[in-house]
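The values are calculated or read from the model by the stated rules, or taken from the named source; none is laboratory data. Everything numeric in this text was worked out from a predicted model, so none of it was measured. Here the Cβ positions follow ideal geometry from the backbone for every residue, glycine too, while neighbour counts run over all protein chains shown. Ligands, DNA and RNA are stripped out before the accessible areas are found, and what is left, the full protein with its side chains, is counted by its heavy atoms. Shrake-Rupley method; radii C 1.70, N 1.55, O 1.52, S 1.80 Å.
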Amino acid sequence: MKLFSYNMFIGLIILFFCCSAMKGGDGDHLRNEAIIIAINDFLDNCSLQKTDSVFSVYIDIDNEDILGLSISGEYGNKIYPTSKDTIGAETRIFPSHYIERNNKLIYYWVDSINVLTEEIIRVLAKYNQIDSSFVSYEKAYPDYLLDESIKGADYYFCKNDLSIYKRVVTRIAMGWYDPPKLNCNKKRKKN
């Protein structure tokens, strides 16, 4: 089990958003569509969906051909808002989207610019995912717990055809193992 500073975690999220913002809006649509496919597969076909009630999705790979994303349980980690996180304000800490199904919550970030809404606050509060006890102490957040013994589901998509994808269930973070081979140049059969 390793502990990471919450500030380091937030820094990685901010870096992710900066990279996403530079890619433009068309990529947001593609990423959103892939995330929805992965979430549906996860909730319908992956046994890991039984391990927690709250999951988050992160884009780990976004290159010319492949989009890779990870779904993992939150296992007690919370979102710690700052005094700047107010309804209608731009935020980097709160997710932009969520799917709630079968008493499960899966939230994710897609949009280049994210505005905090009452709706996302309401759903995160319903699943006890917000801890506002540190708002006055913005530099004193608890450590983000990352338990490397817990598995997550990694999804690899062909960007030219999102119906071509593979799921890998693993304890190893994406980028630290050899990804599955995808035949992204394969022609789909017409019905």
Exercise for the section: Please give the number of the condition Tyr155 fails out of (1) at pLDDT 95 or above; (2) surrounded by fewer than 17 Cβ atoms within 10 Å (Cβ to Cβ). Expected result: (2)
Exercise for the section: State all residues of segment 53-71 that are open to solvent by 20 Å² or more (accessible area, probe 1.4 Å) and more than 8 Å from the chain's Cα centre (by Cα); if no residue qualifies, say none. Expected result: Ser53, Asp60, Ile61, Asp62, Asn63, Glu64, Asp65, Ile66
Fill in the blank from the handout: Just one listed residue, out of Asn32, Asn40, is modelled with pLDDT of 90 or more, over 20 Å from Gly73 (Cβ atoms) and out of contact with any strand residue (DSSP E or B) (no Cβ under 7 Å at 6 or more places or on another chain), and it is Asn32
Practice task
Filter segment 78-113 down to residues that are among the polar types (S, T, N, Q) and buried (at least 19 other Cβ atoms within 10 Å of the Cβ) and give me whichever is nearest to the chain's Cα centre (by Cα).
Solution key: Ser96
